[in-house]
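Every number in this text was worked out from the coordinates using simple rules, so none of it is lab data. Everything numeric here is computed off the predicted structure, so don't read it as measured data. FYI the Cβ positions are ideal-geometry reconstructions off the backbone, even for glycines, and counts take in every protein chain you see.
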Amino acid sequence: MNDWAFLRSRRWAGYLALVVVFAIVCCALGMWQFARRAEARAEIARIDANYDAQAVPVQDELPELDGFDVDQRWQVVALSGRYLADEEVVVRNRPNQGGAGFEVLTPFLLDDGSVFVVDRGWVAQDSEARPSDYAAPPTGQVEVEARLKAGEGRINGRTSAGDEFATIDLDELAERVDQPTYTGAYGLLVQSGAEAADPPVAATRPLRDEGPHLSYALQWFVFAIMGFVGLGWAARQERRARDEASGITLGESRPAPRKVNRTQRKDADADLEDGVLDRR
């Protein structure tokens with residue numbers, strides 16, 4: 001009799017199918033975590049390559065107004081022109097310093113007549129959920145540097161209200177300025193020293209952290225293996241239960257039949273007959 005024949009039943013085929021599906025899901029999640037880790041490592045590489053790089057003219061880095069590549073993130077660009085203070089807007093609900101506040105976006109008119117949006121920094125909100133006091137942009141001709149970031153676009157259900165934007169929507173800001181405007185990217189103003197600590201507060205350096213994605217990925221693969229280990233354990237338990245029900249316990253064997261010596265048996269029969277004769 002095959003002790004494992006029950007594994008060919010429909011019930012156990014269903015168990016195996018469930019474990020296979022579970023393993024596939026776990027492996028997919030593990031690969032997703034590997035992809036997240038690859039993205040984090042790519043971002044670290046961009047920070048290392050671009051954040052402290054030499055500034056280049058924005059016209060050279062972004063030859064097209066709507067152009068931007070993810071590998072250009074954090075690249076330092078040089079700007080020459082003047083701020084359009086009258087076109088300045090703020091973006092609400094921006095977290096920083098453990099609270100909510102506003103990002104200050106000021107269009108910057110370049111010498112070639114195009115407009116580049118500069119994020120001058122973050123300001124806290126006051127008791128009425130309005131921007132607290134912050135310094136106005138410098139007037140006249142200035143030269144500044146900024147680090148590139150992609151625009152955020154619009155989010156359904158979130159709209160602008162006056163000079164308050166819901167997101168860093170460069171297309172909407174370009175419509176307000178009504179001049180040739182860079183819509184593929186904007187720039188975080190490069191500031192240092194005491195200037196960086198005064199509102200608008202300069203953006204902090206991004207963290208070089210790939211996160212726990214590697215450990216999470218390995219855990220998902222371990223879970224996939226444990227599914228098959230658990231199925232094997234359950235099969236062994238059922239086999240043990242079946243053997244016990246039939247009088248056979250795993251690891252034990254049937255007792256061998258007792259062999260009787262024929263001479264000893266004849267002697268015992270003779271003694272029994274003599275006892276009967278003596279009683280007569």
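Computed over the alpha-carbon atoms, the range 128-194 gives an Rg to Rh ratio of 0.99, Rh here being the Kirkwood radius from the mean inverse distance.
Sequence-distant contacts, meaning Cα pairs under 8 Å at least 6 residues apart, place the relative contact order of the range 156-204 at 21 percent.
Remark: relative contact order (the range 60-159) = 32 percent; criterion is Cα-Cα distance under 8 angstrom and separation of 6 or more residues. Ranking 190, 235, 67 by Cα position along the charge dipole of the chain, where only Lys, Arg, Asp and Glu carry charges on their C-beta atoms, puts 235 farthest toward the positive end. The stretch between residue 71 and residue 42, if pulled fully straight at 0.36 nm per residue, gains 9.6 nm over its current Cα-Cα span.
Listed values for the range 2-18 are Karplus-derived 3J(HN,Hα) couplings in whole Hz (6.51 cos²θ - 1.76 cosθ + 1.60, θ = phi - 60°), namely 7, 5, 9, 4, 5, 5, 8, 6, 5, 4, 6, 5, x, 4, 4, 4, 4, and x replaces Gly and Pro.
In the range 118-162, taking the dipole from charged Cβ atoms about the Cα centre, the farthest positive-side position among 125, 150, 162 is held by 150.
Evaluate E = 1/(1 + (r/R0)^6) for residue 16 and residue 244, where r is the Cβ-Cβ distance and R0 equals 30 Å; express this FRET efficiency to the nearest 0.05. With R0 = 30 Å, the Cβ-Cβ based efficiency is 0.80. Taking 0.36 nm per residue of separation and subtracting the Cα-Cα distance, full extension of the segment from residue 80 to residue 159 would add 25.3 nm.
Contact order, relative form, for the chain: 22 percent (alpha carbon pairs under 8 Å, 6 or more residues apart, mean separation divided by residue count). Along the range 216-232 the Karplus relation, 6.51 cos²θ - 1.76 cosθ + 1.60 evaluated at θ = phi - 60°, assigns HN-Hα couplings of 5, 4, 5, 4, 5, 5, 5, 4, 4, 5, 4, x, 6, 4, x, 5, x Hz to successive residues, with x for each Gly and Pro. Computed from point charges on the beta carbon alone (+1 for Lys and Arg, -1 for Asp and Glu), the dipole magnitude for the chain about its Cα centre is near 3340 Debye.
For the range 55-181, the Cβ-based charge dipole about the Cα centre amounts to some 500 debye (Lys, Arg positive; Asp, Glu negative; other atoms uncharged). Placing pseudo-labels 7 Å out from each Cα toward the beta carbon at residue 237 and residue 124 gives an inter-label distance of 5.8 nm. Computed from the alpha carbon atoms alone, the convex hull of the chain holds 306 Å³ per residue.
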